[in-house]
Amino acid sequence: MNPIKKRMLINRIILILSSLSALIGISFLFWILSVLIMNGVDAINWNIFTFEGAPPGYEESGLKHALIGQLIIVGVATLIGVPLGILGGTYLSEYGQKSKMAYIIRDISDIMMSAPSIVIGSFVYAIIVIPMGHFSGWAGVIALTIIMIPIILRTTDDMLQLVPSTLREAAFALGAPKYKVITSVVYRGAKVGVLTGILLGIARVAGETAPLLFTSFNDNFLNTDLNEPMASLTVTMYNYATSPYDDWQSLGWAAAFILSMFILGLNIVGRLLIMKRKGR
Amino acid sequence: MATIVDITDEKALEVKNFEFTYNGAQEPSLKNITMPIAKRSITALIGPSGCGKTTLLRSFNRMHDLYAGNRYSGSIEFEGRNILDAKEDLIKLRTNIGMIFQKPTAFPMSIFDNVAYGLRLQGIKNRSELNDRVEKALQDAAIWKEVSSRLKNDANGLSGGQQQRLCIARAIAVEPEVLLFDEPTSALDPISTQGIEKLVIELKERVSIIIVTHNMQQAARVSDYTGFMYMGELIELGVTEELFVTPKERLTEEYITGKFG
Amino acid sequence: MKTNILDKIFENSTRLIAFSILLIVAWIFTVLFQNSLDSMQGFGIDFITGTKWAPNLEKFGALPAIMGSVISTFLAMILAIPLAIGVAIFLSEIAPEKLKSPVGVSIELLAAIPSVIYGMWGLFYFVPIIRDIFGGLGIGMLTAGIVLAIMILPFMAAVTRDAMNTTPDILKESAYALGGTQWDVIKDIVIPYAKAGIIGSMILALGRAIGETMAVTFVMGNVHKISTDITAPATSIPVTLANEFTEADTDLYFSSLFELAFILLIISFSIISISKFYFLRKSRRA
């Protein structure tokens, strides 16, 4: 066979193989998505939002306890993690800049972002659950906060660095002190990017299950006291899905559906924000 | 109507009523271009940026086909056939019509493998033939002396000017009929530029050359024919000395005297 | 004068918080290490080489869990790497412009879906298939490896595509201009150019996979037994932690779990560091 023909044949074969693997990969992923939507839509009804957990077989059982618990744990973790992350990121971008220390902090944060979350759970177990003597909402909050800080810190750092230095110089030239320049000019310039980072950070910790298993643990009833064990959507989903009861499994799918839509929604909004900024 | 000089010599390429439209565009970027390209000579394309000179150059090896939705019409004749034909074998066409880019494009491999790349694509595996042809191409590109002792080294270690000559060696190793130069010195210092210009002039012994340049002096120094393009059209094609000394078109005159551009 | 003080306060509080990241990481290592001491002193190297995990006998050997982590991750990587490269090549070089963006975005969105969902899907939809094909319970190393592969695929494909996309167009065009086919350009230009980035992405995905808990907990079985049959129930470090932290009842049991967590932390920290500091840094410089 002439070499050019041979190359073109090989080319065709590889292109087909690669398209095929893309097809396989994508169809697996859409399989999961469709399973999620079909089971989720089937399982969703009004009871889910109005009733707390109940023993298997009860008509009047829902996910109210888990939804509220999830909101509290993720909400409080966000309230603590976001300001800390933003301030830490501010240090890297505005003060640490290209210093060796700043790079070490960046690198360690990057590693933390990929580190196993169950290890964070074990750590929080040791420092909170053991001294307190029992599982608690706070322990879950702390675990999620530890996961969240490096994410917010790194995106804030990146986004602040994108603010043109001429903007800072212009503000300095007007005689503004540095903290004023940062809080009134730099933050404003990086607003959209930092907001996107926050949304993606929330999306990331909202799906965490492993670090909650033995920190906030679970509760089949509504509890709003962070000093006590607290239900979350993820842990409830895990418990219900691995139970042998059909109605609990169905509640598990409902929880999976609600959680996934929430997380996908945050990701889509984050993307739209980035696109809007790039468009301008 | 454009003023086109009569070329009595043999022609390498003949462009006839050529139009080119980018994907999604309403208006063609190149309009009604008819021009002969003389064989074994250098044709320069000049004109203000956005005039379509690079777009025209990239039509000769159908580089535009890499991106979907671009459309050609008219014809470009090469070796007795219309290369715009849907049945044209692009792989073969591109080995016959080579190209040098604005920036040096050394591949992430050794100096030797860079030059041997096109040869290997053609199925040449014989070690001694590869050695001979790589050496010859490097000598023709006037870079053999500098690299002969480090052929196994990564090509990205060379200087910009050396890399560009390596790219020329890579292009001539496959012995093309035509070479397209797309502003080959725009990323180089004056000394390297001089070297490349000298090399281009030497190469016309063997290949027909079309060179796009934003630099009128460069066109005047190296080319035999010069085409002036403006807003997607070829305004004038003439013998280089004549076009620069006694342009026939008012637009050409305004451009070369610096009234716009 | 007043603004000067405020300036200092602001600067120092940001510095304190940024440095506390290092402190937290150091604290995590210390706490896990200290809590592992009982087990380390009690079992020494036997903890890592021991195959018997019997809480009721106060005997803890972690080899089944360690092997489980290694084998399930290995299986996942073998399955995911070719698929991820295929998807990445498709997205960066082959797909028509109209498909690139929607397919690429859906892959990225799928990477954002929490791993617990993948685990649940695996339990309800994949375990029955494995059971039908291989018999047995359908849970175990093979199932875990496959579910893990599918979970890691979107992330791996997306980062590999990003690495491939760093290849300058002009370099690819140069190879086309010499008469290369798409495959010639992919194998000779894109892959060599993006090599460090691609390998770094794969290793980063490995680092994530080895510590992944929820995608495998559903389908592993948590059985501390080394088996030559990859379709038999097994366990891994994260699976053991997820299942047993709430069950542990003695100090030695807790300490053994902490030692497992400590080992996992060291393994994943090292893998991620290699990826970040060696390969991804190199690719950024290029």
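The numbers here are math on the coordinates, done by the rules we state, and not lab data. None of the values given here were measured: they were computed from a predicted structure. No Cβ is skipped: glycine too gets one built from the backbone with ideal geometry, and neighbour counts run over all protein chains shown.
To the nearest 20 debye, what charge dipole does chain C have about its Cα centre, counting +1 at the Cβ of each Lys and Arg and -1 at the Cβ of each Asp and Glu?
The calculated dipole for chain C is roughly 800 debye.
For chain C, evaluate the Debye formula with one uniform point scatterer on each Cα (no solvent term) and list log10 I(q)/I(0) at q = 0.10, 0.15 Å⁻¹, rounded to two decimals.
Summing over Cα pairs of chain C leads to -0.67, -1.13.
Averaged across the residues of B:93-100, what count of C-beta atoms belonging to other chains lies within 10 Å of each residue's C-beta?
Shielding by partners across B:93-100 averages 3.
Of the options C:200, C:32, C:115, report the single residue whose Cα projects farthest towards the positive end of the charge dipole of chain C (beta-carbon charges: Lys, Arg +1; Asp, Glu -1).
The residue sitting farthest along the positive end of the dipole is C:200.
Would you list the P(r) distribution for region A:153-213, with all Cα-Cα distances sorted into 5 Å bins from 0 and each bin expressed as a whole %?
It works out to 4, 18, 21, 17, 12, 9, 7, 6, 3, 2, 0, in whole percents.
What is the spin-label model distance, in nm, from residue B:4 to residue A:47 if the labels are put 7 Å beyond Cα along the C-beta direction?
8.2 nm
Using +1 at the C-beta of Lys and Arg and -1 at the C-beta of Asp and Glu, which of A:253, A:159, A:226 has the Cα lying farthest in the positive direction of the dipole of region A:50-279?
Result: A:159.
If R0 is 30 Å, what FRET efficiency do you get for residue A:191 and residue B:26 from their C-beta distance, rounded to 0.05?
0.20
Round to the nearest 0.05 the FRET efficiency obtained for residue B:215 and residue C:166 when R0 = 41 Å and r is the Cβ-Cβ distance.
Efficiency, rounded to the nearest 0.05: 0.85.
If R₀ is 22 angstrom, what is the calculated FRET efficiency for the pair residue A:132 and residue C:248, using the beta carbon separation as r and rounding to 0.05?
0.85
Just from the alpha-carbon atoms, what are the Rg and Dmax of region C:107-169 in angstroms?
Looking at region C:107-169, its Cα Rg and Dmax stand at 15.1, 52 Å.
According to a simple spin-label model (label point 7 Å from Cα along Cα-to-Cβ), what is the distance in nm between residue C:33 and residue B:40?
7.9 nm
For residue B:74, what residues show an amide H to amide H distance below 5 Å, using hydrogens built from the backbone and excluding near sequence neighbours?
Distant-sequence amide H within range of residue B:74: B:19.
Quick one: putting +1 on the C-beta of Lys and Arg, -1 on the C-beta of Asp and Glu, what dipole do you get for chain B around its Cα centre, in Debye to the nearest 20?
Value, rounded to 20: 780 debye.
As an exercise, find the ratio Rg/Rh for chain A from alpha-carbon atoms, using the Kirkwood inverse-distance average for Rh.
In chain A, Rg relative to Rh is 1.09.
State the percent of C-alpha pairs, over all pairs in the protein assembly as shown, separated by a distance greater than 53 angstrom.
When every Cα pair of the protein assembly as shown is considered, 29 percent fall beyond 53 Å.
Stretched out fully, how many nm does the piece from residue B:260 to residue B:245 gain, at 0.36 nm a residue minus the Cα gap?
In short, 3.7 nm is gained.
Using the charge dipole of region C:1-160 (Lys, Arg: +1 at Cβ; Asp, Glu: -1 at Cβ; taken about the Cα centre), state which of C:151, C:134, C:14 has its Cα farthest towards the positive end.
Farthest along the dipole direction, towards plus: C:14.
Please identify every one of the GluC sites (Glu not before Pro) in region A:46-112 that sits in a loop by DSSP and has no more than 10 other beta carbons within 10 Å of its own beta carbon.
Answer in residue order: A:59, A:60.
Over what distance in Å are the Cα centres of region C:11-41 and region A:209-244 separated?
Cα centroid of region C:11-41 versus Cα centroid of region A:209-244: 27 Å apart.
Quick check: pseudo-label points 7 Å beyond the Cα along Cα→Cβ at residue A:275 and residue B:142, how many nm apart are they?
5.2 nm
With Cβ to Cβ distances under 13 Å as the rule, what net charge do the other residues near residue A:95 carry (K, R +1; D, E -1)?
With Lys, Arg at +1 and Asp, Glu at -1, the neighbours total +1.
Once you list every other residue whose beta carbon is under 15 Å from the beta carbon of residue A:186, what net charge do they have if Lys and Arg are +1 and Asp and Glu are -1?
Charge balance near residue A:186 sits at -1.
At 0.36 nm per residue, and after removing the present C-alpha to C-alpha distance, how many nm does the segment from residue C:13 to residue C:226 gain when stretched out fully?
In short, 71.6 nm is gained.
If you only keep lysine pairs separated by 8 or more in sequence, or across chains, how many in region B:113-261 come under 22 Å at the Cα atoms?
Close lysine pairs under the 22 Å cut-off: 9.
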